[in-house]
Amino acid sequence: MHIFYRVLTLTLLTASLLSAQVVPTPNASAADSKIEEMLKTISPDSAISFDRTLAGFGTRHTMSDTTSSTRGIGAARRWLYSKFESFAKDDPDFKVYEDRFLLQDVPFIPKPTTLMNVYGVLWGKEGVNGRYIVISGHYDSRCTNLLNDTSDAPGADDDGSGVSLVLEAARAFTSTHFKPDANIIFICFPGEEEGLYGSNQFAGEARKKGMDIIADLNNDIVGSIRGGNGEVVSNMVRVFSQGYQELKLGKREVNADMIGYSNDSPSRELARYIHTAGEKFLPMFHTTLIFRQDRFLRGGDHASFNKYGYAAVRFTEPNEDYHHQHQDVRTVKEMVRGKEKEVVYGDLPQFVDSAYVASVTRMNSLAAALLSISPPAPSNDVMLVDKLEYGSRFRWDNPSRGKGLAGWKIYYRKTYEPFWTGYVFVDDSPDPVVNYDLKTMTKDDYIFGIAAVGTNGVESIPEAPLPAR
């Protein structure tokens, strides 16, 4: 890639990461400049204003009031829709949608309840039959009792922070008139706390329609820098991803560990892509990859996308504070390190750091922007294992056939290494099927991933070619 950003941070405070400046680079292409402009537009003040508005609805419990204009999930979703509509005024390619569906006789929702996914789509050049990138968060909230739909549940961090990120990313893309090739969906789900109902509805319908979702970037609890353990971290976000379990090789299903592919699922490759992009372009803010689907005893909307076969990851702050999640709002006197102190419980706006939300928004937006202008990944890519040999042979379909394609990179790493350590470049080919013989590297010792490289220097997510005879 020849897009480059440098992020300058004036000062790192113990309580806050100051707003990052994206410094322009010499000889940047038009695409580089647009991404640079979009990232610079992301504002901590804008993000925190969204978060405070969401918390101000009192509760956004899935079964809370839908008629009030000031309180409950109904007021929240109407406000979300209006915000997306305001962004649509800036960009005619941005369209706003709602997805209403009825839930009844399901766990943790004891009465028939209508839910609504609220989202905007920045339509790209590929159109409705093209690729999609999703940036997501959930707008419902809860207090201590999951079935209590009347008490205050401000949900400022869980997940007002994630929804504010979705809104701020949408605002940045539309206000700068970013023109993607693939389509970018900015979506807010309800019903997450009770069972991922909003995301399950959306991902399930997407699979039925055959939508080519190449990534879901899900954001859940991305607003606080101070953990319940007292540690403050303002320059890092965790990225969770699910690995392979069973793989289908021809007519056989095998355990991924049997061939060393447990860490090379589409979701894990997406996580590596995000990490690599961040290291190159946002070096003052880091991602820590967690190779498991989620934290223990917890879950998130990315799991719905995994369920339907889509690559999906979860962004979450590095040190959570359980006093500010799933708690009734209250102040209690407790002994803390041998001293009696007043401890505040509840998911309140004062515990959300605006600069941190903006930093995670930049990481999401960078990944989405790069993916949206990348060439389609090679399809039907395989590593041939039909005979004993000293090298490694690959075959893949060429969907681009020279259209905006510079060639491919065959990435490699040793089986025990977490990140790609090198690559071999393969020139573009007019052939519908590409064959490449890497004579110097044995498939027994390495994991490989194949990425398409555009003439704009942007790459697709590498795909680990499955063994085939």
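With an 8 Å cut-off on Cα pairs and a minimum separation of 6 or more residues, tell me the relative contact order of the range 6-372 in percent. Write down the numbers at each step before the final one.
Values: 855 pairs, mean separation 81.0, N = 367.
Relative CO of the range 6-372 lands at 22 percent.
What's the center-to-center distance, using Cα atoms, between the range 169-240 and the range 288-361 in Å? Using only Cα atoms to place each centre, the spacing works out to 15 Å. Rounded to the nearest Hz, the phi-derived 3J(HN,Hα) couplings of the range 34-43 under the Karplus curve 6.51 cos²θ - 1.76 cosθ + 1.60 (θ = phi - 60°) are 5, 5, 4, 4, 5, 5, 5, 6, 4, 10, where x marks glycine and proline. Cross-link reach is defined here as a Cα-Cα straight distance under 15 Å, omitting same-chain residues fewer than 8 places apart; for residue 179 the aspartates and glutamates meeting it are 32, 36, 37, 90, 91, 93, 126. Here the extension length gained between residue 388 and residue 255 equals 45.7 nm, from 0.36 nm per residue of separation less the Cα-Cα distance. Here the chain is treated with +1 on each Lys and Arg Cβ and -1 on each Asp and Glu Cβ, and its dipole about the Cα centre works out to around 440 debye.
Residues whose amide H lies under 5 Å from that of residue 220, counting only those 5 or more places away or on a different chain, are 315; hydrogens are built 1.01 Å from N in the peptide plane. Once backbone amide H atoms are built at 1.01 Å from N, residue 286 has 236, 237 as its partners under 5 Å, excluding neighbours fewer than 5 places away on the same chain. Considering only 326, 293, 345, and ranking their Cα positions along the charge dipole of the range 278-392 that arises from unit charges at the beta-carbon of Lys, Arg, Asp and Glu, the one farthest toward the positive end is 345. The alpha carbons of the range 312-452 occupy a box of 71, 35, 21 Å along the principal axes, longest dimension given first. The radius of gyration of the Cα set in the range 29-104, together with its Dmax, comes out at 16.2, 52 angstrom. Per-residue packing, averaged as other Cβ atoms within 10 Å, sorts the ranges 169-177, 324-332 into the order 169-177, 324-332, beginning with the highest. Backbone geometry of the range 368-375 corresponds, through the Karplus equation with coefficients 6.51, -1.76 and 1.60 at θ = phi - 60°, to 3J(HN,Hα) couplings of 5, 5, 4, 4, 6, 10, 7, x Hz, x marking Gly and Pro. For the range 252-305, the orientation-averaged shadow of the C-alpha convex hull comes to 5.4 nm² (one quarter of the hull surface). Measuring max minus min along each principal axis, the C-alpha atoms of the range 6-372 give extents of 56, 52, 50 Å (largest first).
Among the lysines of the range 380-468, pairs that are 8 or more positions apart or on different chains and have alpha carbons within less than 18 Å of each other number 6. Secondary structure note: in the chain, about 70% of the DSSP beta bridges are antiparallel.
Kirkwood-type hydrodynamic radius, the range 224-271: 13.2 Å, calculated from all non-identical alpha-carbon pairs. When peptides 350-362, 444-456 are ranked by their average number of other Cβ atoms within 10 Å per residue, the highest-first order is 350-362, 444-456. Taking θ as phi - 60° and the Karplus parameters 6.51, -1.76 and 1.60, the scalar couplings of the range 455-463 work out to 5, 7, x, 8, 10, 7, 5, x, 10 Hz in sequence order, x denoting glycine and proline.
Taking amide H as placed 1.01 Å from N in the peptide plane, residue 385 has its amide H under 5 Å from the amide H of 468, 469, each at least 5 places away in sequence or on another chain.
Rounded to two decimals, the Cα-based Rg/Rh of the range 380-468, with Kirkwood Rh, is 0.96.
When you count the other C-beta atoms within 10 angstrom of each residue and take the mean per peptide, 238-245, 390-397, 313-320 line up highest first as 313-320, 238-245, 390-397.
Applying a DSSP loop filter and a limit of 12 other Cβ atoms within 10 Å to the GluC sites (Glu not before Pro) in the range 192-272 leaves 231.
Here, each number is a calculation from the coordinates, and none is a lab measurement. This one's a predicted model, so the numbers in the text were calculated from it and none came from an experiment. Glycine also receives a Cβ, built like all others from the backbone with ideal geometry; neighbour counts cover every protein chain displayed.
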